[in-house]
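K.L.:
Can you keep this structure in mind? I'll have questions shortly.
The values are calculated or read from the model by the stated rules, or taken from the named source; none is laboratory data. Remember, it's a predicted structure, so these values are computed and weren't measured experimentally. Using ideal geometry, Cβ is built from the backbone for each residue, glycine included, and neighbour counts are taken over all protein chains shown. Calculation scope for accessible area: heavy atoms of the full protein, side chains included, ligands and nucleic acids excluded. Shrake-Rupley method; radii C 1.70, N 1.55, O 1.52, S 1.80 Å.
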Amino acid sequence: MLRPWAAQWITAVLLYGAVAQYSSDQCSWRGSGLSHETHRRDVEQIYLRCSQGYLEWLYPTGAIIVNLRPNTEPSSGHMAGLHVCIKPHTYSQGSNVYLERAGDLTLLLPERDLAQGTVRCFSLTEGALFVEAIPQTDISRRITAFQYELVPSQGPGAHMYPYLHPGIVTCKPCSDEEVLLAVCTSDFAGSGIFQGVTSGTNDHPPVVVTLSRLFRQKSRVFAWSGARGRRWSGRINVPAQCGVDPEGDEYLFTGSIHFGEAWLGCAPRYKDFLRLYMRAQKAGTNPCEIDTN
């Protein structure tokens, strides 16, 4: 339910622009609620045009509306299928986070959930983020902060990322076309074996893997270990219901990196991938070339 004063805030922003604040690099924003201290119901508009970044709001008062867009032309169609995922920092407090669309507010993250650092995702078409400061007599030491990413909801392995479609993660194998595309476009790709699942009650526990080949990695989630037979090692998040086969067959590992963590996507047995890759190579239908030796 939208509070009457909140509706007035949003109307004022839409009609009169309220207080506009643009980030210097268009990816991240850092601001202070102290500028609102004499006008505790001020609303700031923030515009971020990046695939990822962060927001840090010191001493929150009033509210801010965060408009997130990809760094592409609106006519290019890149917004279709895009989701926004946000991950609060564990020290975050002092605000509730809503989705705002046409003046309606839907609670996304209450303050009590911010410190848990739980990821929340929503479609870019669902609206903007409305971050509302909780009235406090003492705003010192309060910071609302989170990272954000723009994530495609479709593509090779997207069905394995649990925050995009909560409760309906599927472990279905990727199609031949998806596997060939995944090895070319994923944030990481390599071949190796599952070593074992880490302990804990997580619904998507990290699995320790050792790679004999590393075709690519977007960031350093896998480390070189010359002392263990000249291999790469790291951890990949895998939904618990999908299961792994420790010390079993060699697999092709592909997937995405979200907030510095690797998530499994398409992962066929490596021998099956090699047959598929060689067949596509002879037909000239490979989307890219990799060194399989």
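K.L.:
So for the pair Trp224, Asp272, with labels modelled 7 Å out along Cα→Cβ, what separation do we get in nm?
P.N.:
Label at Trp224, label at Asp272, 3.2 nm between them.
K.L.:
How far apart, in nanometres, would the label points at Asp176 and Gln26 be if each is projected 7 angstrom from Cα along the Cα-to-Cβ direction?
P.N.:
4.2 nm
K.L.:
If you don't mind, there's one more thing I want to ask. Using the beta-carbon distance between Ala102 and Ile168 and R0 = 45 Å, what value does 1/(1 + (r/R0)^6) give for FRET efficiency, to the nearest 0.05?
P.N.:
Using R0 = 45 Å, I get an efficiency of 0.95.
K.L.:
Taking a ≥ b ≥ c as the square roots of the Cα gyration tensor eigenvalues, with a/c under 1.5 meaning rounded and otherwise prolate when a/b beats b/c, else oblate, which class fits the stretch 61-210?
P.N.:
Taking the square roots of the gyration eigenvalues as a ≥ b ≥ c, the stretch 61-210 is oblate.
K.L.:
Counting other Cβ atoms within 10 Å of each Cβ, which chymotrypsin sites (Phe, Trp or Tyr not before Pro) in the stretch 228-277 have at most 16 and sit in a DSSP loop?
P.N.:
Of the chymotrypsin sites (Phe, Trp or Tyr not before Pro), the ones in loops of the stretch 228-277 whose Cβ has at most 16 other Cβ atoms within 10 Å are Phe259.
K.L.:
Over the stretch 208-293, with a single point scatterer placed on each C-alpha, what log10 of the ratio I(q)/I(0) does the Debye formula yield at q = 0.11 1/Å?
P.N.:
Rounded to two decimals, the profile gives -0.34.
K.L.:
On to the next question. Can you give me the relative contact order of the stretch 178-293 as a percent, contacts being Cα pairs under 8 Å and 6 or more apart?
P.N.:
After rounding, I find 29 percent.
K.L.:
Moving to a separate point now. Quote to one decimal, in nm, the extra length available between Asn293 and Arg112 on full extension: 0.36 nm per residue of separation minus the C-alpha distance between them.
P.N.:
60.0 nm
K.L.:
Right, here's the next one. Within the stretch 194-293, list the trypsin sites (Lys or Arg not before Pro) lying in a DSSP loop whose Cβ has at most 14 other Cβ atoms in a 10 Å radius.
P.N.:
Here the trypsin sites (Lys or Arg not before Pro) that fit, given the DSSP loop and packing criteria, are Lys218, Arg220, Arg230.
K.L.:
Kindly report, to the nearest 10 Å², the accessible surface of Asp245 as traced by a 1.4 Å probe over protein heavy atoms only.
P.N.:
70 Å²
K.L.:
Quote to one decimal, in nm, the extra length available between Thr125 and Thr285 on full extension: 0.36 nm per residue of separation minus the C-alpha distance between them.
P.N.:
Difference between extended and current length: 54.2 nm.
K.L.:
Just report the Cα centroid separation between the stretch 85-130 and the stretch 255-293, whole Å.
P.N.:
35 Å
K.L.:
Could you grab the relative contact order for the stretch 133-242? Cα pairs under 8 Å, six or more apart, rounded to a whole percent.
P.N.:
Answer for the stretch 133-242 is 20 percent.
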